[in-house]
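Only one structure is covered here, and it is reproduced in the block below.
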Amino acid sequence: MFLEKNRDRIEKDFEDFSRELPGKAEEIKKRMEALSPDIVIGMKYLYSNMPYSDVGNYTFDTYLDYVQQGIYLWENSPYVKNYPELYFLNYVLFHRTNDEEIKPCRTYFWKKIKDKVQGKAMVEAALEINHWCAGEVMYQGTDMRTGSALEIYRSGVGRCGEEAVFVVNVMRSAGIPARPVYVPRWSHCDDNHAWVEVWCDGDWHYLGACEPEAVLDKGWFTNAASRAMMIGSRWYDRAMPDEKVIGKDGMNRIINLLGKYAKTRWITITVEDLDGTPAAGAKVRAEVMNYGEFSPIAIMEADKNGCISFETGFGSLLICAVYDGAYGEKVIDTREDDHFTCTLGEEYEDELWVDFDMNAPEDTGRIRWNITQEQEEENNRRIAAEAEHCRRKIEKFQPLWKRCLFGHTMKEVEPMMAVLSEKDRRDAFPEVLEGHYQEASVYREFNPDEIYIPYVWNPRVENEVLTRWRKKILGYFDKGQRDAFEADPKSIWTWIEENISVRNDKERLTAYTTPGAALELGIAGEKSHKVLFVAIARTLGIPARLNPADGAIEYWDGMRFVAVLEESRKESHLTVFAGEKGDWNYFQNWTIAVTDGRGYLTLDFSDRKWEAGKLELDIMPGDYRILTGNRLPNGNILGKRYDFHIEKDETKRVELELREYSLKEMFNRHSIPDSKLTDRAGNQVLVSELTGRRRCELSDAEHIDVPCKADEGLDAAVAFGDAAKRENSLVARNILFWLEEGREPTEHILNEMMDLKEKYEKIQKQVIFILRSKDSLKNATMVKCLELFPEIQVYFHDFGKDKEMTARRMYVDSEKLPLMVITEGPCQGIFAAAGYSVGMADMLMRIFEA
């Protein structure tokens with residue numbers, strides 16, 4: 001029988017759902033009357049466990065696709081009988097994987113891949129599916145709204161989280177249990193990442209989404225994952241999972257998977273007040289510093305003793321706790337201990353820069369797999385063919401917005417489309433955009449286009465699913481209510497607070513309830529309340545927005561944007577001075593956050609421009625924290641914080657400070673791939689041969705006195721030899737440059753090297769240029785540089801996977817050139833940089849000589 005072990009539970013859960021949302025439940029039951037019992041129980045399962053935003057945002061028919069394919073797999077898949085029924089429910093049947101838009105896709109994807117997987121064992125099928133996915137979608141950075149699996153497939157591009165959504169849906173369409181796995185924020189660099197786990201033959205295995213390998217449990221992120229402080233996946237079912245749970249995110253439980261990827265430690269945090277009394281039930285967040293701000297990686301609740309215990313990595317965390325209106329925080333380092341106390345009510349000294357350290361876990365991941373050279377080469381051949389297929393597909397793609405001409409010329413429509421993101425223009429339904437165009441047009445004459453287009457016509461408020469909400473809003477309120485809203489826009493918010501309830505316990509906190517669904521359900525998350533305010537205001541011709549710095553709801557009063565809530569009004573002024581350092585980058589090495597006593601909200605001033613070494617900011621009265629951070633190549637951060645209070649109508653002046661580093665702290669030792677290079681004569685040379693040379697091999701040059709650490713990079717035999725032999729046998733340092741001739745970053749680094757002629761002349765035998773082809777040697781700057789330094793070694797490489805993996809192993813941006821790596825020993829990197837920054841050639845020399 002279909003779902004025999006869980007039928008009774010599902011029926012009971014659906015009864016609970018029906019009591020909570022009686023109107024919606026009646027509508028659903030009517031649709032179920034004509035369906036088979038198996039489809040009914042499948043639909044009841046989805047509705048009982050989905051976020052309320054899913055209940056309101058999507059139609060019954062949307063979910064029918066997922067249930068029908070699930071039943072087909074239950075009856076026909078050779079895999080289903082091999083795994084627990086709870087896995088089938090959560091990792092095959094269930095529709096949601098992350099916070100993506102939901103569109104029917106499972107039966108569609110199954111038709112695309114069934115011929116590729118039928119008859120294959122689970123592992124073989126999973127590998128084959130990932131290869132198919134790689135031929136349909138490739139990585140492209142996009143905004144934070146997560147597109148549907150169907151639209152990601154259609155457009156052929158997506159960021160890592162979207163690639164994971166796509167691959168998980170395709171795997172589930174074939175009956176292979178799959179889930180997205182994510183690092184909320186890395187500890188060692190400013191980014192995050194998502195990939196996929198599949199359940200095959202009795203255990204979970206990982207793979208890079210749309211990044212196929214010859215085997216499972218292999219990916220470029222393997223070593224990076226070993227440096228994480230938290231790796232998780234979401235569980236939607238009301239039943240408890242059989243894995244470690246670390247807190248909740250709204251209705252989702254978060255499964256802690258870190259132990260599969262990294263060396264871990266169980267730690268205990270005790271939360272207590274100033275008198276030492278335990279804070280039972282305190283809300284606790286563990287945070288890492290990333291993009292210049294502290295960001296949560298886990299949200300938990302203390303037990304009756306005020307304690308929480310969880311598994312994490314060997315590194316630093318900021319522990320934040322809130323209880324009964326009191327707030328406390330503490331920076332901890334799990335390398336030093338496993339028990340810590342966080343005290344509520346302790347205050348920081350105002351207007352004083354305080355140092356702190358955030359240490360990243362060390363790289364403990366493996367770098368070798370049991371794969372033959374033939375397997376690797378065949379996998380690479382397939383990847384190249386799949387990438388070419390995907391590129392051709394992307395070239396043919398036509399964004400949907402080009403169908404939205406509304407009876408006008410492209411020239412007339414383009415200003416309207418310009419306020420939408422590239423992703424919106426790619427996947428928004430034409431009828432939705434046309435509806436907003438027509439329904440908002442009655443207000444166009446009342447505001448200039450620079451106000452009307454982004455703040456009245458614009459159907460996008462934040463990251464919600466785009467729908468035609470204007471007609472629903474107009475139909476919901478009578479004329480008297482609409483007139484009252486127009487006369488006093490603040491009353492819109494009053495009405496929302498009184499009539500739309502918040503049920504975070506039934507919500508996926510990063511998902512949104514659309515304006516129409518919020519009105520229909522009478523329920524929406526806190527972020528969706530704000531979206532609803534803006535939607536109602538715009539429907540009535542009132543320009544409105546969420547403030548780009550802090551998300552406050554605002555409306556245009558004819559002269560300026562006015563904050564609806566008094567506490568959000570910008571009635572204080574902050575002047576920030578750059579000081580001696582001139583290259584401050586918001587969300588990189590500094591941020592400002594405001595607190596409400598329960599935590600901090602980082603403000604977004606990334607679009608503000610420095611003028612004459614200062615930044616002028618209007619902010620709300622309140623308590624603030626400025627963070628600055630200097631991230632070292634090893635991933636650690638030398639941080640500073642500055643706390644201050646500002647009153648209404650007060651002006652504060654703050655000069656930013658950044659902690660400096662020593663050259664020793666710039667070393668970052670990691671192994672790099674042993675790439676095959678080609679010399680000018682066409683001979684192949686391994687990187688290990690070039691970087692494994694001893695200093696004695698370079699003794700004819702003046703630079704023999706370049707210092708080198710005596711105990712690193714030595715053969716065991718040499719290490720135990722006499723002092724003279726040790727000194728003569730020390731490995732030489734080298735600098736490898738992957739260069740992109742003709743591009744500004746490469747032009748800059750070559751010119752800087754030539755400006756430092758005397759220094760680079762001494763080490764030119766230890767400088768290795770890696771170029772794409774001999775044509776690169778025709779570049780004028782390259783010619784000039786090689787004439788100045790004739791002993792620089794030149795090799796050629798395809799800049800493919802090995803170059804990417806070299807950057808990733810050294811933890812620098814794999815997409816930026818030039819890539820520069822200082823080595824000490826065979827394939828042993830000690831420092832790397834990617835892209836160009838002023839003074840990089842001098843920095844390389846200083847580290848080379850350190």
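The values are calculated or read from the model by the stated rules, or taken from the named source; none is laboratory data. Please read these numbers as outputs of a predicted model, since none were measured by experiment. Positions of Cβ are generated from backbone atoms using ideal geometry, with glycine treated the same way; all protein chains shown enter the neighbour counts.
Just to be sure I understand the filter: pairs with C-beta atoms under 6 Å, separated by 6 or more residues or on different chains, first member in the range 116-129 and within 16 Å of Tyr83 (Cβ to Cβ) and assigned by TED's automatic domain parsing to the domain that holds Glu213, second member charged (D, E, K, R) and surrounded by fewer than 14 Cβ atoms within 10 Å (Cβ to Cβ). Which pairs pass? As it stands, the answer is Met122/Asp201, since those pairs meet every condition given.
Listed here are the residues, each with its yes/no results for (1) touching a residue at least 12 places away in the same chain (Cβ under 8 Å); (2) among the polar types (S, T, N, Q); (3) part of a strand (DSSP E or B); (4) closer than 19 Å to Thr341 by Cβ.
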| site | (1), (2), (3), (4) |
| --- | --- |
| Ala224 | yes, no, no, no |
| Arg227 | yes, no, no, no |
| Pro241 | yes, no, no, no |
| Ala262 | yes, no, no, no |
| Asp275 | no, no, no, yes |
| Ala286 | yes, no, yes, yes |
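List every residue pair whose Cβ atoms sit under 7 Å apart, with the two residues 6 or more apart in sequence or on different chains, where the first one lies in the range 464-488 and is touching a residue at least 40 places away in the same chain (Cβ under 8 Å) and surrounded by 13 or more Cβ atoms within 10 Å (Cβ to Cβ) and the second, anywhere, is of a type in the set (D, E, K, R) and in a loop (DSSP other than H, G, I, E, B). As it stands, the answer is Val465/Glu101; Leu466/Arg460, since those pairs meet every condition given.
Selection within the range 582-598: residues that are closer than 20 Å to Lys283 by Cα and touching a residue at least 40 places away in the same chain (Cβ under 8 Å). The member of this set that is farthest from the chain's Cα centre (by Cα) is Gly597. Residues that are within 22 Å of Asp203 (Cβ to Cβ) and in contact with a Pro (Cβ under 6 Å, 6 or more places away or on another chain) number at least 1 in the following helices (runs of 4 or more DSSP H) confined to the range 52-149: 85-88, 122-134.
Which one of Glu136, Glu124, Glu151 is within 25 Å of Lys527 (Cα to Cα) and of a type in the set (Asp, Glu)? Exactly one residue qualifies, and that residue is Glu151.
Comparison of Ile267, Ile297 shows that the only residue that is part of a strand (DSSP E or B), out of contact with any His (no Cβ under 8 Å at 6 or more places or on another chain) and not assigned by TED's automatic domain parsing to the domain that holds Gly232 is Ile297. In the set (1) of a type in the set (S, T, N, Q); (2) under 30 Å from Pro184 (Cα atoms); (3) crowded, with 22+ Cβ neighbours inside 10 Å, the condition left unmet by Thr539 is number (2).
So which residues in the range 31-51 are at pLDDT 95 or above, assigned to a loop (DSSP other than H, G, I, E, B) and more than 33 Å from the chain's Cα centre (by Cα), if there are any at all? Matches in the range 31-51: Glu33, Leu35, Ser36. For the range 455-511, filtering for residues that are among the charged types (D, E, K, R), assigned to a loop (DSSP other than H, G, I, E, B) and under 35 Å from the mean Cα position of the chain (by Cα) leaves 7. If we keep just the residues of the range 150-184 that are outside any helix (DSSP H, G or I) and among the charged types (D, E, K, R), which is surrounded by the most Cβ atoms within 10 Å (Cβ to Cβ)? The selected residue is Arg179. Would you check if there is a residue in the range 742-754 being modelled with pLDDT under 95 and more than 21 Å from Asp842 (Cβ to Cβ)? Yes, that holds for at least one residue.
Looking across the range 350-379, the residues that are surrounded by 14 or more Cβ atoms within 10 Å (Cβ to Cβ) and in a helix (DSSP H, G or I) come down to Gln375, Glu376, Asn379. Would you confirm whether any residue within the range 584-594 is in contact with a Pro (Cβ under 8 Å, 6 or more places away or on another chain), of a type outside the set (Lys, Arg) and surrounded by 15 or more Cβ atoms within 10 Å (Cβ to Cβ)? Scanning the range 584-594, I find no residue that is in contact with a Pro (Cβ under 8 Å, 6 or more places away or on another chain), of a type outside the set (Lys, Arg) and surrounded by 15 or more Cβ atoms within 10 Å (Cβ to Cβ), so the answer is no. Scanning the range 256-289 for residues that are of a type in the set (A, V, I, L, M, F, W, C) and within 24 Å of Asp363 (Cα to Cα) returns Leu257, Leu258, Ala262, Trp266, Ile267, Ala286, Val288, Met289.
Consider the range 552-575 and keep the residues that are surrounded by 15 or more Cβ atoms within 10 Å (Cβ to Cβ) and small (Gly, Ala, Ser). The one that is farthest from Asp478 (Cα to Cα) is Ser572.
Filtered by the rule that a residue be modelled with pLDDT under 90 and of a type in the set (S, T, N, Q), the range 723-741 gives Asn728, Ser729.
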